[in-house]
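Input: a single structure, listed below in structure tokens.
The values are calculated or read from the model by the stated rules, or taken from the named source; none is laboratory data. Just so we're clear, the structure is a prediction, and the values are computed from it rather than from any experiment. Glycine gets a Cβ as well: all are built from the backbone with ideal geometry, and neighbour counts include every protein chain shown. Accessible surface is based on the protein model in full, side chains and every heavy atom, while ligands, DNA and RNA are left aside. Shrake-Rupley method; radii C 1.70, N 1.55, O 1.52, S 1.80 Å.
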Amino acid sequence: MNNAHPGLPDFVEYVKPASLEEASKFLVAHAGESRPFLGATDCIVRMRDGIWKTKYLVDVKGLDGTNQITFDPAVGLTIGAAVPMNKVAAHPAVIKHYPLLAEACHWVASYQLRSRATIVGNICNASPAGDTIGASMLLEGVLRVFGPDGYRDEPLNGFFKGPGRTNLKPGDIAVSVSFPLPPQGNSGRYIKLGRNKLGDLAIVGVTAFGYPDSSAASGYRFRIALASVAPIPLRVPKAEELLASKPIDEAVLAEAAQLAYESCTPIDDVRGSARYRKQMVRNLTRNALVDIWSKIRKDA
Ligand SMILES: Cc1cc2nc3c(=O)[nH]c(=O)nc-3n(C[C@H](O)[C@H](O)[C@H](O)COP(=O)(O)OP(=O)(O)OC[C@H]3O[C@@H](n4cnc5c(N)ncnc54)[C@H](O)[C@@H]3O)c2cc1C
């Protein structure tokens, strides 16, 4: 019988570069056999299970501001790549201005794991089940990347290409993720359906975010992202357009949830069947939208 957890190979080498430039050059020179890491909560498990044959683990924590969180009301929030989720979720500016991000962090595994795991690691790992990716997309997150050609910005909407695949190339190192100040009067929700309450990857995850906007025909805009129901974290533009264009009531919220149901393409796996996942997308999207609507509607 195959051992599903063959154990870490003996020959992994730990590399601690002194600069981003050095790290990037090393990753290019050893493309295919090296990886950058932060909390390593994904890396170690993948290597232990024999899924990744990584020879060099390149520690990028602490390089060029990756350990810092900064907030400026005029610019927004910047979270250094190496900042663990517990620190993000406890930061006063996150609690005040980005509670959706804090809520998403709380749904990742356990407190112990979140003391290592990072949001940027969650994003770069590019699992369709990543709990903090939906909030990061809906809050218009932009990844700052240092690569062989220097710095560039990667907006998260458009960043994901498939399970474990993104716009990142060998030698690219994500150094931070930034968020603009969210619109006034907003509210967000992350609803995760897992197999237990102790921490499990999502069977389905629904992130929704809404705010009043006089430029929309309905007077409001909503954003929706779905986890674990497509090869990439999925936005639902048809539902978002509907909610911007029609006067909002319970029926329109249910119609938007139906569009979410129609847009997702889940698979059967150990966590749940495709059919169950689709039904739950509809139910949880409606629940999230109803909750947000009750908080942002101006006539409430
Ligand atoms: C027991 C357990 C439970 C878990 N439960 C959950 C859960 O409930 N929800 C959830 O979403 N996830 C869960 N995970 C997965 C994991 O903890 C998260 O994805 C976490 O956010 C990864 O962050 P990290 O800093 O540990 O990433 P790492 O493991 O360090 O890296 C993850 C990936 O990103 C790449 N990478 C890392 N740093 C960079 C960088 N600076 N630039 C470019 N690429 C980089 C790595 O090469 C790797 O491919 C769980 C993992 C374990 C072990």
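Here are the numbers:
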read-out	value
Carbon/sulfur fraction of accessible area - segment 1-104, other protein chains in place, 1.4 Å, %	55
List ARG114, ARG195, ordered by accessible area with a 1.4 Å probe, largest first	ARG195, ARG114
Among THR207, PHE179, PHE26 - extreme Cα towards positive end, dipole of the chain, charges at beta-carbon	THR207
Straight-distance crosslink candidates among aspartates and glutamates, where the alpha carbon sits under 17 Å from LYS16 and sequence neighbours closer than 8 are dropped	GLU33, ASP59, ASP64, ASP172
MRE, 222 nm, helices only [DSSP H, n ≥ 4, -39500 (n - 2.57), over the chain, to nearest 500]	-9500 deg cm²/dmol
Spatially proximal lysines relative to LYS87 (Cα-Cα < 18 Å; intrachain offsets below 8 disregarded)	LYS61, LYS96
Crossing angle, helix 250-263 versus the chain [Cα axis fit, 0-90 degrees, rounded to tens]	40
SER294 paired with ASP49, simple spin-label distance in nm, labels 7 Å along Cα-to-beta-carbon	3.7
Cut-off 15 Å between beta-carbons: net charge of the residues surrounding GLU262, Lys and Arg +1, Asp and Glu -1	+4
Set of lysines with alpha-carbon distance to LYS238 below 26 Å, sequence-local pairs under 8 removed	LYS161, LYS192, LYS246, LYS278, LYS295, LYS298
Stokes-Einstein D (µm²/s) once Rh is taken as the Kirkwood radius of the chain over alpha-carbon pairs, at 20 °C in 1.002 mPa s	107
Heavy-atom accessible area per residue - segment 69-179, 1.4 Å, Å²	39
Per residue, in Å², the accessible surface of segment 187-296 once ligands and nucleic acids are set aside, probe 1.4 Å	44
Between segment 248-300 and segment 172-218, the Cα center-to-center distance that results, in Å	14
Share of carbon and sulfur in the accessible heavy-atom surface of segment 169-300 [1.4 Å probe, %]	54
Computed label-point distance, nm, for sites GLU22 and THR70 using a 7 Å Cα→Cβ extension	2.3
DSSP-defined beta bridges in the chain - what % are antiparallel, rounded to 5	85
Cα long-axis angle, helix 274-296 against the chain (0 to 90 degrees, to the nearest 10)	60
